[in-house]
1. Hey, rough spin-label estimate for Val252 and Arg387, points 7 angstrom out along Cα→Cβ, what's it come to in nanometres?
2. So, in nm, how far is label Gln366 from label Ile610 when the simple model puts each one 7 Å beyond its Cα toward the Cβ?
3. Compute the distance in nm between two label points, each set 7 Å from the Cα along the Cα-to-Cβ direction, one at Ile5 and one at Asp261.
4. So if we plug the beta-carbon distance of Asp60 and Phe116 into 1/(1 + (r/R0)^6) with R0 = 51 Å, what FRET efficiency do we get, rounded to 0.05?
5. Please report, to one decimal in angstroms, the Kirkwood hydrodynamic radius of the range 529-612 built from all distinct Cα-Cα pairs.
Amino acid sequence: MIMPIEFHMWFGIIVTLMAVYSFAKEKISLEMTALSIVAVLLIYGQIFPLNDVIGKNQLDPSSLLAGFANPSLLAVLALLIMGQGMLQTEALRPITRLFMVKNKAWGKIAVILLIFFVMAASAFMNNTPLVILAIPLLQSLCANVQFSQSRVMIPLSFGAILGGMTTLIGSSTNLLVASAMQDLGYEPLQFFDFTAPGMMMAGVGFIYVAFILPRFLPDRSSFTSQLTGGDKQFIAELDIEEGSKLIGMECVQGQFSKLPDMNVRMIQRSGHVILPPFEGYAIEKGDIIIVAATRNALMDVLSSNPGYLLSDQDIEEVIEKENSDDELESTDSEYEPNTRVMAEVMITPTSRMIDMSVDQAGFDKQFGAIVLGIQRRARVVRRRLGRVRLESGDVLLIAGSQGSLESMRANTDFIVMAGTIKDMPLTSKAPIAMAIFLATIGSAALGLLPIPVASIAGAMAMVASGCLNMRQALRAVDRKIYLLVGAALALGTTLQVTKGAAAMADVLTIMPYANDPLVMASILFILVAITTNLLTNNACAILYTPIAMNLAVNANIDPMIFAIVVVLGANCSFASPIGYQTNLMVMGPGRYKFKDFMNAGIPLMIIMWITFTLIAKFYFKL
């Protein structure tokens, strides 16, 4: 059924407004909203086709679904896989150690400096690899000073975007505006043509991003910490064998320097018990050290030196158990049986293990898992871990294979706490992961390969080299991001072909006082800024550059000024996760919702609008 273009235009605008409302309210899941949008557009395109001059339907499935194969989207997903490989191997540990500050005030200063560095560097290089590098550093900083990641990840992305509006190569959007100007017969923008106004806007934006925004972003760390046991203390034992790096270490001011995150409760030496204080004592061969530590601290010890927590005999027994279990695994198993994991199990009130010692419970013999620590809130445990008798409610920290964990789920003597399961780091693969990462980022930054090509090749290399398995790689792919971007690009296509975006641009010609250059520039800026959060910023630049040039000619104003308006406005992609790819990258680590970007980005857009209006009046003399 052929309908007039106005019908298509209003349909596109109405669906877009409804989609934004649904994304913001989240009464329906984001995934369901995205799929509903795609389904509605596909059905509409079949019932009411919009044919071009050669009779091709511009709303056919190939056009509307093209966004799901968008190179930028696939690049973001591949970068997420690479990031998971870096985390799984702890390849950035040498760098993150430089940020191991414990003072919360210094930690916040380090966060601000890191965001400022990303903003400054974004003026001269692609900000995507910069954000990739900064995310794990920020995660390390936040972990050290107990600061919520959800309060710094959006500021990181916004800082990168602000830096991109200061030079011609700061963003691909800027280059597209310059190219469009040249195609229209105008002198293109040069490298530093808008550096001064861009720096003014970036400076004002940085104040908001670094000092104001973190105070209002949601804190989503408490729930995650509760699930993963971030602050819970486990009692564990360290066996000091011959050749241990801990031999000879003395207690200074109540602290053993090589055990900074562990509270030593007791030392057993040749049948004797040494209790705090430990001043004047040095660790000797054969000592058994009973410590209280978080699971993260124990994981660090186990990944860097498994001999502290597991004896050679323990390791051999676990490997033998895993190998025997692997022979029984079916080939269509949904998990990787050899993947090393750490998890917590809670002893149930009806468990047969109650009153058994940890050694008698036989986790190693039954399941091929080693008990690393025990948590008991009722009282302090001061005895060897293997001799501790289990009680109802005890939480045990275990390490074993993914296969052993699966075999434990059906056991009624304990509950495997699903939110606590975490893969053990493969530190031996760290050099390989770092080499792949640097090769990927370097080839993209130097222009040797496009970012999509480099990132997909890098993700493949991470899996092929064993830095992470296929299950971990697929788990790193965020389906919310995939569906959200695919649906948003389908909406963007609809707005473009139905002339909905052009209709929004035409508002400039009917606004009151639109003949005043200052008002015209201000309205153009905010209209471009709004549109760049609905379409892609690149599509926005292509759409508005010809409009801006015509407005400048009609108003007898230097076209360069209005081209700069488009550049600065198109870079204000703060109010939605689809506005810019760095927003998508921080969505997962920050555990953000769609409305978080709206709440954080809309005020910044208004600040940028006011700042630009002042710049237009006093700098450009409009």
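The numbers here are math on the coordinates, done by the rules we state, and not lab data. Since this is a predicted model, take the numbers as computed values, not measurements. Note: ideal-geometry Cβ built from the backbone for every residue, glycine included; neighbour counts use all protein chains shown.
1. 3.3
2. 6.4
3. 6.1
4. Details: r = 47 Å, r/R0 = 0.92.
Using R0 = 51 Å, I get an efficiency of 0.60.
5. Computed over the range 529-612, the radius equals 13.5 Å.
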